[in-house]
1. Percent of accessible area on the chain owned by carbon and sulfur, 1.4 Å probe?
2. With label points built 7 Å along Cα→Cβ from the Cα atoms of residue 111 and residue 28, find their separation and express it in nm.
3. Which label marks the calculated value of volume of the Cα convex hull per residue in Å³, given the options (1) 119; (2) 183; (3) 344?
4. Taking the solvent-accessible surface of protein heavy atoms with a 1.4 Å probe, what is the per residue accessible area of the stretch 37-133 in Å²?
5. How big is the gap, in Å, between the Cα center of the stretch 18-51 and the Cα center of the stretch 52-100?
6. Say a site is exposed when it is one of the GluC sites (Glu not before Pro), sits in a DSSP loop, and has at most 16 other Cβ atoms within 10 Å; what is then the longest site-free stretch of the chain?
7. Based on the Cβ-Cβ distance of residue 68 and residue 10, what FRET efficiency does E = 1/(1 + (r/R0)^6) give at R0 = 41 Å, to the nearest 0.05?
8. Report ³J(HN,Hα) in whole Hz for each residue of the stretch 79-87, in order, from the Karplus equation J = 6.51 cos²θ - 1.76 cosθ + 1.60 where θ = phi - 60°; Gly and Pro get x.
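The values are calculated or read from the model by the stated rules, or taken from the named source; none is laboratory data. In this text the structure is predicted, and so the values were computed from the model without any measurement. Neighbour counts are summed over all protein chains in view; Cβ atoms, including those assigned to glycine, are modelled from backbone coordinates with ideal geometry. Note: accessible area is taken over every heavy atom of the protein model, side chains too, but ligands, DNA and RNA are not part of it. Shrake-Rupley method; radii C 1.70, N 1.55, O 1.52, S 1.80 Å.
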Amino acid sequence: MNQPLPITDEQLREDMIAYLDGELDSEQSRRIEQRLAADGAFAHELRQLQQSYELLDELPQPEVDETFAATTVGMIAVEAGNDVARRRHGEPRRRLLHAALLVACLAGAIIGGYLLTGALLPDPNAQMLRDMS
């Protein structure tokens with residue numbers, strides 16, 4: 001028989017909650033029930049968790065009227081519209097910034113090319129200027 005891998009406390013708590021909710025398959029439920037029979041601390045923890053769930057069931061349920069969904073969807077639509085407007089407002093500025101950056105890079109490349117060419121290539125008139133007295 002394969003030994004199950006050791007599980008973390010978080011995994012165990014998730015399994016306990018799923019067991020209480022009836023979400024486990026028969027094999028997983030059987031493992032939990034075997035552990036309940038063998039481990040008193042585990043059984044105690046599960047009872048406390050079940051009592052907490054029962055207390056939650058006693059809390060008053062909030063009542064939501066029919067306009068709640070419509071209001072929520074309306075608020076989402078308004079916020080989405082505001083987000084689109086903010087993006088449209090920022091887009092011309094972004095395009096202008098990109099154009100300015102492109103012009104600056106192009107100007108820098110031209111100036112750098114001119115200076116580099118002047119430094120690396122010999123001046124054909126330099127010899128004539130030296131020969132003149």
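1. Within the chain, the accessible surface is 61 percent carbon and sulfur.
2. Result for the modelled spin labels: 6.7 nm.
3. Given (1) 119; (2) 183; (3) 344, the structure-derived one carries the label (3).
4. Numbers: 8900 Å² over 97 residues.
Ligands and nucleic acids excluded, the result is 92 Å² per residue.
5. Using only Cα atoms to place each centre, the spacing works out to 40 Å.
6. 67-133
7. 0.75
8. Whole-Hz 3J(HN,Hα) from phi for the stretch 79-87: 5, 5, x, 5, 5, 5, 5, 4, 5.
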